[in-house]
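Undergrad: Before anything else, here's the structure in question.
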Amino acid sequence: MGKALIIGCGGVASVAIHKCCQNSEVFEEICIASRTKSKCDALKEKLEGTTKTKITTAKVDADNVDELIALIEEVKPDVVLNLALPYQDLTIMDACLATKTHYIDTANYEPEDTAKFEYCWQWAYKERFEKAGITALLGSGFDPGVTGVFSAYALKHEFDEINYIDILDCNGGDHGYPFATNFNPEINIREVSAKGSYWEDGHWVETEPMEIKREYNFEGVGMKDMYLLHHEEIESLALNIPGIKRIRFFMTFGQSYLTHLKCLENVGMTSIEPIMYEGKEIVPLQFLKAVLPDPASLGPRTKGKTNIGCIFRGKKDGKDKTYYLYNICDHEECYKEVGSQAVAYTTGVPAMIGAMMVMTGKWNKPGVHNIEEFDPDPFMDALNKWGLPWKESYNPVLVD
Ligand code: NDP
């Protein structure tokens, strides 16, 4: 079918690349390009001989638009799948525009010097992508990603109007370390130490970090504490789900994680303000990242399951209705299959599926679009086929 250029070769990219290689009919050829080429070469070596997908590798600094354009012109991919960091979203979108190539990512742009993530920067490319006749699919991971597909599916098949969405992200995995993050520590800590917020009656309601706590009994995991966070899909779902009154996002955290995080915050280690250390400027959070376990190293040690999904409340045929869509994923099974734990797996699989939707033309809508703006049905089928089968319930316990 075609060729994908995958930028980044970290935890999420490694899963997406394994999945592309399982899906050689669609991904006949992939080029893996990242800052450290040796990581791309090591993955190529591991996968070659196990797949019909032809793999090439390249070195690229994705902060540099000219380098990206030169690489895209050389590789000539049908789509660019951005699995580097959110800081690179705009440079990669610029290069896609210049070369008229479709774009897919899993996280919205965030300037490196302010921990503020929102869609305005990427939505500002809408008209230019429309004019160029190319599609940008934003947020094709799990959350954002599958949570948006679930919302579109619920609206299409189960409701006339959705009024309330609670997104519940539970990681019941245990990696045995006192403190580690399941994906890029810098991005993860920026996200969880920010103020919380939710959408209600047409506006944002801001909370202190971890101010709102609930308990929930997750299938496959058990009872967990979960905390309200700001999360990027709330912003797009608030626009794209007509009749919505409230959207909240909750994530589970264990007490040990929170105690460590508080201590690191209190001593200034999570700050993104540069400081001088022995004559050199360093960013405390980046230094912390360097001393924490690499998320990729958690794979062989993590046991337990994740359970991520959305509880919808709304109206069907004039009656109140409740509906829960969720996926349960097992850390050890993911590791057996692709050598990564479930947090990377649940993001990398939808990234591959999003790239497949655009490459096969099933999703083709010039402009810049969030995932819930597309027909959810082929994506929902692909989740079942490619390792993230979903479950549904018409009588879930609600979050107060
Ligand atoms: P990692 O840190 O493991 O990987 C990031 C990769 O990007 C590394 O290979 C890194 O290269 C590469 N990279 C960083 N900067 C550049 C650059 N300037 N030029 C080229 N390559 C670069 O991160 P993850 O795999 O954990 O996360 C990847 C993305 O997935 C992030 O944007 C994250 O926010 C998103 N994510 C989305 C989720 C969702 O559900 N939607 C959930 C989890 C993550 P090198 O190693 O050489 O530095």
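Undergrad: Taking the convex hull of the alpha carbon atoms in the range 23-118, what volume per residue do you get, in Å³?
TA: Numbers: hull volume 10.0 nm³, N = 96.
For the range 23-118, the hull spanned by Cα atoms encloses 105 Å³ per residue.
Undergrad: Once the other residues with Cβ under 12 Å from the Cβ of residue 177 are scored (Lys, Arg +1; Asp, Glu -1), what is the net sum?
TA: Values: positive: 301; negative: 174, 294.
For residues surrounding residue 177, the net value is -1.
Undergrad: Starting from the exponent 0.38 and prefactor 2.2 Å, build the expected Rg for the chain from its residue count and divide its actual Cα Rg by it. Could you put the intermediate results ahead of the total?
TA: Numbers: Rg = 20.2 Å, N = 400, 2.2 N^0.38 = 21.4 Å.
So the chain has a normalised radius of gyration of 0.94.
Undergrad: Next up: For the range 186-340, what does the alpha-carbon gyration tensor say about shape, rounded, prolate or oblate, given a ≥ b ≥ c as the root eigenvalues, a/c under 1.5 as rounded, and a/b over b/c as prolate? Could the numbers behind the result be given before it?
TA: Values: a/c = 2.37, a/b = 1.42, b/c = 1.66.
Oblate.
Undergrad: Okay, moving on. Scan the chain and note any complete DSSP helix (H) whose C-alpha atoms cover at least 18 Å along its axis and whose Kyte-Doolittle average is -1.0 or more. The partial results should precede the final answer.
TA: Numbers: long enough: 342-359 (25 Å, 1.49).
Once both thresholds are applied, what remains is 342-359.
Undergrad: In debye, nearest 20: dipole of the range 146-338 around its Cα centre with unit charges on the Cβ of K, R (+) and D, E (-)?
TA: The calculation lands at about 340 debye.
Undergrad: Hey, another quick one. Report, in whole Å, the centroid distance computed from the Cα atoms of the range 176-235 and the range 56-123.
TA: 27 Å
Undergrad: Take 131, 316, 321 and order them by how many other Cβ atoms sit within 10 Å, fewest up front.
TA: On the way: 131 11, 316 14, 321 18.
By the 10 Å Cβ count, ascending: 131, 316, 321.
Undergrad: With unit charges on the beta carbon (Lys/Arg positive, Asp/Glu negative), name the residue among 57, 69, 108 whose Cα is farthest towards the positive pole of the charge dipole of the range 43-115.
TA: Result: 57.
Undergrad: For 143, 174, what ranking results if the residue with the fewest other Cβ atoms within 10 Å of its Cβ goes first? Before the final figure, lay out the partial values.
TA: Details: 143 24, 174 12.
Arranged by neighbour count, lowest to highest, 143, 174 become 174, 143.
Undergrad: Gaussian network model of the chain, Cα springs within a sub-10 Å range: biggest mean-square fluctuation belongs to which of 42, 342, 84?
TA: Evaluated over the chain, the most mobile residue of the options is 42.
Undergrad: About its Cα centre, what dipole magnitude does the chain give when the only charges are +1 on Lys and Arg Cβ and -1 on Asp and Glu Cβ, stated in debye to the nearest 20? Can you show the working numbers first?
TA: Working: 41 positive and 60 negative charges, 162 e Å.
About 780 debye.
Undergrad: Also, quick follow-up: Order by neighbour count: 197, 393, 38, fewest other Cβ atoms within 10 Å first, most last.
TA: On the way: 197 19, 393 14, 38 11.
Ordered from fewest to most neighbouring Cβ atoms within 10 Å, 197, 393, 38 come out as 38, 393, 197.
Undergrad: Which of the peptides 294-300, 209-215 is most tightly packed, and how do the rest follow, going by the mean number of other Cβ atoms within 10 Å of each residue? Mind dumping the intermediate values first?
TA: Values: 294-300: 18.0, 209-215: 14.1.
The packing order, highest mean first, is 294-300, 209-215.
Undergrad: Let me ask another. With respect to the cross-link table entries 3/131; 213/305; 126/156; 19/305; 131/316; 321/365, which display a Cα-Cα separation exceeding 29 Å? Kindly include the intermediate steps, with their values, before the conclusion.
TA: Values: 3/131 23 Å; 213/305 21 Å; 126/156 25 Å; 19/305 20 Å; 131/316 38 Å; 321/365 31 Å.
Beyond 29 Å: 131/316; 321/365.
Undergrad: Three principal axis extents, largest first, for the C-alpha atoms of the range 327-382, in Å?
TA: Principal axes ranked by extent give 39, 18, 18 Å for the Cα atoms.
We did not get these values from a lab; they are worked out from the coordinates using the rules stated. Predicted, not measured: the structure shown is a model, and the values here were computed from it. Neighbour counts run over all protein chains shown; Cβ positions are idealised from the backbone, glycine included.
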